[in-house]
Amino acid sequence: MTCIPPHMRERVLPHLDGSAGPERSAIAPSWDETSVPIVRNRAPVINEKAHSFEAQSSEKGGLPLYAKLLLLYAACYATYLLYRQSPYPSNYIAPLSHSFQSECTALLTPTSTTYVDRLSKLVDALNRFEAPAGRIPAAGWIAEPGPSAEYFLGGFSSRDWWLSERPFLISVTPSNADRTKPNITLLTPEFERLRAEGVDLPEQVRPYVTWVSWQEDESPYEKLIGHIKSEVTATGLDGKARSFIFGGLREESRKAGQMARAEAMEISSMAERGAEVSPMAPVAQALQLIRERKDEREIGLLRCANQMTLHAIRHTRRRMHIGITESATRRILEEEMAKTGLVEGDGLVLFGENAALPHGSGTDRVLGVHDLILIDAGGKWGGYVSDITRTFALPKSKIPRSHLDIWETVRRAQYAPYRLLVSSNSTLPPRLAELDVAARKVISDHMFSLTGERPSSNSPDFSVFTHRLGHGIGLEGHEDPYLVQGPLGETKAQPGHVFSLEPGVYIPTSKEGKELKGGSGGISGVGVRLEDCFVITVDEEGRLGGEWLTGPVHAWGEV
């Protein structure tokens, strides 16, 4: 006779194996991920044998039978309460610690060499240009105001300067006086010069800046090419620069070469990938890695942003109730993100079948008792962006077992790339596409168990996991590198890479006119995604590892 009520046995008995099991770790759980039950609870492990008895086994002098029955009933009821409540955390949410907040505030102030160091890396990359014999062995870099300018100069972000049809261009070249130092040219429309000079640049950057302006009747491209042509042989245009800027610079370079009866300055776009035979290829590859690989301060800012976002999601969950709308939840989320100090905090809030559209805008749906909740949120701390997704339910929800099975499959899929990384080393790192393969296989295998069908081709299975595994993150919410099968995923995993791991399963209410068959009826109208950001690390022996900036969740009910 067991003390677990019959209607709880399916959920509880798999855990009553009489052993405490391995200790959990927030970064590297030691359990076998392939054998974890669908629903794990955090109640103490109980030996089922210790809570059974035979009525005839009482010894003389022991407790009367009615007393034993009473004690057993009390133990059974206490166990039932533990297992009934354990999938959902209590309403108490620990506040962000004072030390954490102090550290995050300190990170907002760059060091005295932050931008000088970044510019030094940029100049080193530009000096890798393989110039033809007799020409200047250096290249230049040109960008518009935006994330790259903000990264290298500490100013002229998208917030500082909006783009118009009048080019405002930023050029960095190795200085003629000292090829290890930068020469920064800021090209501005003349009538905007005073406003441009008012943009706050760090003191460590200002000594390297030269201002050049152009009048309305002049060509901005001619002005810039004329200013930098004595310093470089070629120029690479930042990948975010607009196409008409690229065209204007290339045409002006061609004209200048014809007038001087010399070779034109090579103008190439860093957005053009795969041009490995180009003399600019070594420059482009080095430039790409500078922003891709985050330093300790950047990782710290990303950690702060993501921890604060998760804190806001937890508080949002606490304030939700059956019957709340998507829009009301979104307002609560924005309030909670603002309380943490995050800037520009917002997110997607999707209930039930609306979550089957990965980036759906919702319908202001009312939360029902059978609905999963998907919240995908992000904000900025010190300019660095967070990105977290949680799929969960409320304590009074009644979620179908088939949907819980999907949630558990997505949880295991999120962890699969980590298992691949920690089995690798920095000498032979995996391609980022391989991380996508690892996660996608977990989901494909689960769907095969339901449908008995596998994709007919060798292409990636996008049937229910409809998007890539993840993306780089930093000053932009989506930036290099990308975790996807195909050309973009050929990048090798490297220490300092920070990216999202966000597998999902999306099954709309009607998919191709039929429902999938699951263990508890048809599966439809469900969307599940789990997302946390992750940074790759390497130890002294060259083994790859990493840090989850939040999460990952280990059991249903965690947020």
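The mean accessible area for residues of region 418-559, using a 1.4 Å probe and ignoring ligands and nucleic acids, is 41 Å² per residue.
Note that region 119-131 has calculated 3J(HN,Hα) couplings of 5, 5, 5, 5, 5, 4, 5, 5, 6, 7, 4, 8, 6 Hz, one per residue in order, obtained from phi through the Karplus relation 6.51 cos²θ - 1.76 cosθ + 1.60 (θ = phi - 60°); glycine and proline are x. Were the residues from D217 through T180 laid out at 0.36 nm apart, the gain over their Cα-Cα distance would be 9.7 nm.
The label point for L69 and the one for H321, both projected 7 Å from the Cα toward the Cβ, are 4.2 nm apart. Solvent exposure of K240, expressed as accessible area, is near 120 Å², computed with a probe of 1.4 Å over the protein chains only.
Evaluate the relative contact order of region 357-459 (contact order divided by residue number), counting alpha-carbon pairs under 8 angstrom at least 6 apart; express in whole percent.
Details: 77 pairs, mean separation 19.4, N = 103.
Once divided by the residue count of region 357-459, the mean separation gives 19 percent.
What the Cβ-Cβ distance of N91 and S243 gives, at R0 = 45 Å and to the nearest 0.05, is a FRET efficiency of 0.30.
If H554, H321 are ordered by their accessible area, calculated over protein heavy atoms with a 1.4 Å probe, which sequence runs from highest to lowest? Intermediate values should be presented prior to the final figure.
Working: H554 20, H321 95 Å².
Listed by decreasing accessible area, they come as H321, H554.
Based on Cα atoms of region 182-244, Rg over Rh with Rh as the Kirkwood radius reads 0.96. When V422, V123 are compared by accessible surface with a 1.4 Å probe, the order from highest to lowest is V422, V123.
For region 378-433 versus region 159-210, the inter-centroid distance based on Cα atoms is 41 Å. Here r is the Cβ-Cβ distance between D295 and H98 and R0 is 30 Å; the resulting FRET efficiency, rounded to 0.05, is 0.75. Net length available on complete extension from T105 to R454 is 120.6 nm, with 0.36 nm assigned per residue and the Cα-Cα distance removed.
Looking at region 318-415, the accessible area is 36 square angstrom per residue; that uses a 1.4 Å probe and ignores ligands, DNA and RNA.
I'd like to compare 488-496, 230-238: which one has the highest average count of other Cβ atoms within 10 Å, and what's the full order after that?
In decreasing order of mean packing, 488-496, 230-238 become 230-238, 488-496.
Across the accessible surface of region 294-370, with the other protein chains kept in place and a 1.4 Å probe, carbon and sulfur atoms take up 51 percent.
Go ahead and run the numbers for FRET between R166 and H478, Cβ-Cβ distance against an R0 of 22 Å, rounding to 0.05.
Given R0 = 22 Å and the Cβ-Cβ separation, E is 0.20.
Each residue was assigned an accessible area with a 1.4 Å probe, and for M320 the value is about 20 Å².
Quick one: Karplus J couplings for region 104-112, per residue in order, coefficients 6.51, -1.76, 1.60, θ = phi - 60°, nearest Hz, x for Gly and Pro? Whole-Hz 3J(HN,Hα) from phi for region 104-112: 5, 5, 4, 5, 5, 9, x, 6, 5.
Taking all protein chains in place and a 1.4 Å probe, what share, in percent, of the accessible surface of region 402-446 do carbon and sulfur account for?
Numbers: 780 of 1460 Å².
Answer for region 402-446 is 54 percent, counting heavy atoms of protein chains only.
Can you pull the semi-axes for region 111-251, root of five times each eigenvalue of the Cα gyration tensor, sorted largest first, whole Å? Don't skip to the end; give the middle numbers.
Working: eigenvalues 96, 76, 35 Å².
Rounded to whole Å, the semi-axes are 22, 20, 13.
The values are calculated or read from the model by the stated rules, or taken from the named source; none is laboratory data. Every value quoted in this text rests on a predicted model; they were computed, and no experiment measured them. We place every Cβ from the backbone using ideal geometry, glycine too, and count neighbours over all the protein chains shown. Keep in mind that these areas ignore ligands, DNA and RNA; they rest on the heavy atoms of the full protein, side chains included. Shrake-Rupley method; radii C 1.70, N 1.55, O 1.52, S 1.80 Å.
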